[in-house]
Amino acid sequence: MDLTPLPVAVPLLVAAVLVGAAPLLSRRVLDTIACLTAAGNLGVCLLLVRQSSDAPLVTWFGGWRPIGHFPIGIAFVVDPLGAGLAALVSVLMLTSLVVSWAYFESIKSLYHAIMLVFLAAMCGLCLTGDLFNLFVWFELMTAAGVTLCGYKVEEVGALQGGLNFAVMNMLGAYLSLSGVALVYARTGALNFAAAAEALAAASPHDAFVPIAFLFVISGFLVKAASFPFHFWLADAHAAAPTPVCVLFSGVMVELGVYAVARLYWVVFAVPLSRLEVPTSELFLAIGTLTALVGAVACFAQRHLKRLLAFSTISHVGLMIIGFSLLSPGGLAGSALYLVGHGLVKASLFICAGMLLNRFESVDEFELQGAGRKVPLVGLLMACGALGLAGLPPCANFFGECLIDESARQLGRGWISLVFVIAGVLTSGAVLRATGRIFLGWGPAHEATSRGARDVPMDREMHAPPSKLPLMMWLPALLLVVGATVIAPAADLGRRVLSQAHAFQDGPGYAALVLEGQRPAAPAPGGSVSATARDFGRQAGVALGALAAALLALFPHALGERISRVSGMLLVGILKPIRLMHSGKIGDYVAWFVLGVGVYGLILVWA
């Protein structure tokens, strides 16, 4: 039996059934059906990972196979990296639905249906082999995401967050669709493999190719919240319900990085081969700016959900840096980093949700000392902060090791410093919030002053405030444990490194899809070993994060003069970042246009 279509078809079918049968089904039946669907999706995706380990699986819908080299149908092409990402999507969707079981006082079938549509769209994006189909899943994912972001539409914050999400992602989608149209106009094909062959036959000095590439990936750079397209993300996370944030931060934005990597290696790598160095440097610049801006903004936040959102922006920048190396090690490192980050960040958002519903706030200063009543949440947040720092044996630790090794082989050893800075600031921000909320450390602050809160914060679940539901803290615990054990237990590093070579084989992909030629079995990836330098670096990141947290909590520990100077320096750094994040959608659109223009000029000039 061909399982390839099931991760998309089954959630869509169940979503339709839930909407139609809603009057006949109770709340708990709806919850159960949605959770079983996500669990079944996970099982199918894991089977697809196993079945595609020797060679990708190709499914032509309707039996419309290529005539000669010309594809006339739509194909799903499933490889272990794509199917593995779909499995991660399913894990976090199952987690989100389990948390939703105890979270909302009143939800109806529409919520479950939209969540399953969201699941289908994200899985479709992971598995498709067609440009226009990729755009369709992108749009469906955006529509479902916007709806979920504005689920509490009666609140002003939810409306603004949903609007920013919708406008920025729609702008990116329009530009991506324009890029798809350009590729189709030049090649007459929408299939990845056929478009790649036609573009490779064009003149190597054709400026059309880099322009089409930039247009196609623009929407996915917005989805990935890369600089300067990232402004919508913090607003969306602050407004969205916590179970939805688990998906937004844990996997949705990472799908943007995956889509850019897939498009580059399968469609554009050969025609852009003469621009390999400028393309690498461009993505390296994008990743570095995203990582540093996100990290600094993260450390400046007091609203926990916005703090975690900016942390996601920073870590996505680190994943883009791994991809920018254009090497198997860099790609495999980004994939491992994605897994570890997704699991840890989902756990941290659940912790923020437990605080919101226990104390009706996620403001760090308002919660000072209140967390003593829920020490388990504090322990989970501290473990999550150490996970963000990349302490071994977390999956993102092994990912960082691969990226660092690849960077040093390419003479870019300074990249390690970017990882250190981002890790210190993002992990330090979570540790600072943990110390203030659960230990009561730090000076008192005017937490209740006018304008202190970023968005209205109301309780979102029906459980008694004095209790933490098992279906919230247990998933948070399991996610942290999973991030810690998955890499060594599943020998994930070796497997991912082996598949990264196949992922970058564009000609082999084309031969498989258009001619049915099975590629050679992936070469053994070798072991992913950590050196003393790697352990020392991550220990330094953890200690640096702890030091940054303590200095933020006790600013006068180094003396009045040093405290004043460091405060002035911090204000100077934060001022331009705060000006950029104005909250006005018109400003964000201007940044979007500027970013596309600058990146386009760089590629055309190169």
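Things to note:
- Assigned charges on the beta-carbon of Lys, Arg, Asp, Glu; the stretch 300-406 dipole about Cα centre (debye): 360 debye
- Stokes-Einstein, applied to the Kirkwood radius of the stretch 241-316 over Cα pairs at a viscosity of 0.890 mPa s and 25 °C, places its translational diffusion at 176 µm² s⁻¹.
- Two numbers describe the Cα atoms of the stretch 255-398: Rg and Dmax, which are 17.8, 60 Å.
- Contour minus Cα-Cα distance for Val598 and Val19 (0.36 nm per residue): 203.9 nm
- Scattering curve values for the stretch 130-248, log₁₀ I(q)/I(0), Debye with Cα scatterers, q = 0.11, 0.18, 0.19, 0.21 Å⁻¹: -0.43, -0.86, -0.92, -1.04
- Ranked by the mean number of other Cβ atoms within 10 Å per residue, highest first, peptides 568-575, 163-170 order as 163-170, 568-575.
- Cross-link partners of Lys223 among aspartates and glutamates, defined as those whose alpha carbon lies under 16 angstrom from its own and excluding same-chain residues fewer than eight positions apart: Glu139, Asp235, Glu254.
- Stokes-Einstein D for the stretch 476-606, Kirkwood Rh over Cα pairs, 20 °C, 1.002 mPa s (µm²/s): 101 µm²/s
- Rounded to the nearest whole Hz, the Karplus-based 3J(HN,Hα) values (6.51 cos²θ - 1.76 cosθ + 1.60, θ = phi - 60°) of the stretch 57-62 follow the sequence 8, 10, 10, 9, 5, x, with x at glycine and proline.
- For Asp2 and Ala181, a Förster radius of 41 Å and the Cβ-Cβ distance give a FRET efficiency of 0.85, rounded to the nearest 0.05.
- Cα gyration tensor, the stretch 246-287 - rounded (a/c under 1.5), prolate or oblate: oblate
- Once backbone amide H atoms are built at 1.01 Å from N, Thr4 has no partners under 5 Å, excluding neighbours fewer than 5 places away on the same chain.
- Alpha-carbon centroid distance for the pair the stretch 409-429 / the stretch 537-585, whole angstrom: 17 Å
- Backbone geometry of the stretch 419-427 corresponds, through the Karplus equation with coefficients 6.51, -1.76 and 1.60 at θ = phi - 60°, to 3J(HN,Hα) couplings of 4, 5, 4, 4, x, 4, 6, 6, 5 Hz, x marking Gly and Pro.
- The stretch 529-606: C-alpha gyration tensor shape, a/c 1.5 cut-off, then a/b vs b/c: oblate
- Percent of Cα pairs exceeding the 18 Å cut-off, where the set is the stretch 51-122: 58 percent
- Here the stretch 336-420 is treated as a Stokes sphere of Kirkwood radius computed over C-alpha pairs; at 25 °C and 0.890 mPa s its diffusion coefficient rounds to 169 µm²/s.
- Lysines whose Cα lies under 17 Å from that of Lys575, excluding same-chain neighbours fewer than 8 positions away: Lys584
- The calculated P(r) of the chain, using every Cα pair and 20 Å bins from 0, goes 21, 57, 21, 1 in percent.
- Expected 222 nm ellipticity per residue - DSSP helices of 4 or more, -39500 (n - 2.57), all of the chain, to 500: -23500 deg cm²/dmol
- Evaluated with a Cβ-only charge set (Lys, Arg +1; Asp, Glu -1), the chain carries a dipole of roughly 1060 debye about its Cα centre, given to the nearest 20.
- Degrees separating the helix 506-515 axis from the principal Cα axis of the chain, which is the longest one: 50 degrees
- Fraction of the pair-distance distribution of the stretch 1-104 above 21 Å, Cα-Cα pairs, percent: 46 percent
- Net +/- balance of residues flanking Val44 in space, Cβ distance below 12 Å, scoring K and R +1, D and E -1: 0
- Using θ = phi - 60° in the Karplus curve 6.51 cos²θ - 1.76 cosθ + 1.60, the 3J(HN,Hα) couplings for the stretch 314-330 round to 4, 6, 5, x, 5, 5, 5, 4, x, 5, 4, 6, 6, 10, x, x, x Hz; x is entered for Gly and Pro.
- Overall, the accessible surface of the chain at a probe of 1.4 angstrom is composed of carbon and sulfur to the extent of 68 percent.
- Straight-line cross-link reach from Lys373 at under 30 Å between alpha-carbon atoms covers these lysines, not counting any fewer than eight positions away in the same chain: Lys152, Lys305, Lys345, Lys467.
The values are calculated or read from the model by the stated rules, or taken from the named source; none is laboratory data. Not measured: the values here are computed from a predicted model. Note that each Cβ is placed from the backbone with ideal geometry, even for glycine, and that neighbours are counted across all protein chains shown. When the accessible area is computed, the model is the full protein with side chains, heavy atoms only, and any ligands, DNA or RNA have been set aside. Shrake-Rupley method; radii C 1.70, N 1.55, O 1.52, S 1.80 Å.
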